[in-house]
1. Test each condition in (1) outside the structural domain of residue 288 (by TED's automatic domain parsing); (2) touching a strand residue (DSSP E or B) at 6+ places or on another chain (Cβ under 8 Å) for residue 77 and report the one that comes out false.
2. Is it fair to say residue 449 is part of a loop (DSSP other than H, G, I, E, B), of a type in the set (D, E, K, R) and without any contact (Cβ under 8 Å) to a residue 12 or more places away in the chain?
3. Kindly indicate whether residue 235 is surrounded by fewer than 21 Cβ atoms within 10 Å (Cβ to Cβ), without any contact (Cβ under 8 Å) to a residue 24 or more places away in the chain and of a type outside the set (S, T, N, Q).
4. Could you look through region 389-406, keep only residues that are hydroxyl-bearing (Ser, Thr, Tyr) and under 21 Å from the mean Cα position of the chain (by Cα), and pick out the one that is surrounded by the most Cβ atoms within 10 Å (Cβ to Cβ)?
5. Just one of 430, 414, 489 is among the basic types (Lys, Arg), exposed (fewer than 11 other Cβ atoms within 10 Å of the Cβ) and on the phi < 0 side of the Ramachandran plot; which is it?
6. Being farther than 25 Å from residue 54 by Cα and either in a helix (DSSP H, G or I) or of a type in the set (Ser, Thr, Tyr) (or both) is the filter here, so list the residues in region 314-346 that pass it.
7. Within region 149-159, which residues are in contact with a strand residue (DSSP E or B) (Cβ under 6 Å, 6 or more places away or on another chain) and surrounded by 24 or more Cβ atoms within 10 Å (Cβ to Cβ)?
8. Kindly provide the set of residues from region 54-98 that are under 27 Å from residue 378 (Cα atoms), assigned to a loop (DSSP other than H, G, I, E, B) and of a type outside the set (Phe, Trp, Tyr), ordered by number.
Amino acid sequence: MRSTHNTLGVVVALLVVATMAWSGAGRAVAGDRPNILFIFLDDFGWRDTTYMGSDFYETPNIDRLASQGMVFSDAYSAAANCAPARACLLSGQYTPRHEIYNVGTGPRGKAEYRRLIHVPGTDTLDPKIRTWAHQVHDAGYVTGTFGKWHLSDDPLPYGFDVNVGGSHAGGPPHGYYPPNGNVPGLGNVAKDEYVTDTLSNRVIDFIRDNKDKPWLAYLTHFAVHTPLDPKKDLLPKYQAKKPGTLHHHVAMATMIQAVDDGVGRIVAALDELGLTDNTVIIFTSDNGGYGPATDMAPLKGYKGTYYEGGIREPFFIKWPGVVKPGTKSAEPVINVDLYPTICEITGAKLPTGQPVDGVSLLPLLKGEKKTFGDRPLFWHFPAYLQSYSGVTDEQRDPLFRSRPCSAIRLGDWKLIQYFEDGKLELFNLKDDIGEANDLSLSNPAKTKDLLSRLQAWQRDVHAPIPTTPNPKFDAAAEKAAIEKMLNKKGK
């Protein structure tokens, strides 16, 4: 009798364990080592998705993912254009630490309009810097990068097992249609295959090949960077569509839909493989939208400016079983935060002997915190970036999108410091998201406090401040050029 009872007890115990295991498998995301799909777009503006308010572009697949996770309204890149933004993201460091300040190291804009000698920095991410890909790879993940790299000739030494399309190039080497030359992984495609589709397809192949291992796929699309090369089969749709009040650029709309369609195919593959519940999806962009083709209103600025439109990004994280669907956060966060966040999600260690400027977002994602308190965010750009042709409305002067500057955001307040003339701009973003009202003179106490904090940070990270006068600067020529552009605008 005792034997029968013991056997029954063992069976019941096994059934309980099996039920718990099955239940746990159904909630696989709550377990260890979730996969990561990191979708990182190029020149994609704060309002370029439907969920952020576009009235012309269509992003149903991205919108659906956003609704299933946490959307951050006040998320930033640590730089306003491509290469420095990517260096900050991969290193987890602000620009003075990795010293990539601009695309290339040469001076930008006409010499007679630049008052200072810029700080050239470097154009290659120091291979001694350990990226989050290194750390995740060392934790046992298979890692792949798909698309734009822009930080060296080859991303493989920076912690990736697979490279498709990554090189020092800032855009698709020959446009969005073949031929794509000797670019890794972009050959052997149909003559009419759009490169955005190619990258999405290669990610699906990578996921299928590694479905039984933990993996991280860094889908760093060239889209929607110039050239504004429309996806041909989508042109009739948007040519026939009524223009929106905010957005109306047909080529841009086709490029955005190509990204979204690819996201839909990747999500379908995750569903098919049973990986959806164990995959974290991160979505954001490297900097503000391309000024001549899109609009971030009510934000001021666009790619290359240090107003909100140049650095505030669309951003969400979907993590089934951990992040409550449909949640929102207005906490100011920045792309250097993704380094410790990715490491904590995957169980990877932070690097030793290497500074990481961000903080993990997990307390926000898990609902353990609503805010990090009075945490300042910083930007440093000791260089120049010339204006777009014909687009000068949302920058400090019509000749440059940005002149040498630093900036700080703390709470609702943002201060920009300009190095050429010592000018300061102070904005209350809660009351003035469009940065229309400079309060630096009317609120000297707040100006002094933020400037003091900014300068302390500059000293701490050894930020180079340009001070050497440019011998080629011509004040009269600069004044005449500004007046000419302003008069032309007024006509």
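1. (1) is the only condition that residue 77 fails.
2. Here the answer is no, as residue 449 does not meet what is asked.
3. Spelling it out, residue 235 is indeed surrounded by fewer than 21 Cβ atoms within 10 Å (Cβ to Cβ), without any contact (Cβ under 8 Å) to a residue 24 or more places away in the chain and of a type outside the set (S, T, N, Q).
4. In this case the residue turns out to be 402.
5. Going through 430, 414, 489 in turn, the sole match is 430.
6. 336, 337, 338, 339, 340, 341, 342, 343, 344, 345, 346
7. Correct list: 155 only.
8. Result: 69, 73, 74, 77, 78, 79, 80, 81, 92, 93.
The values are calculated or read from the model by the stated rules, or taken from the named source; none is laboratory data. All of these numbers come straight from a predicted model, not from anything done at the bench. FYI the Cβ positions are ideal-geometry reconstructions off the backbone, even for glycines, and counts take in every protein chain you see.
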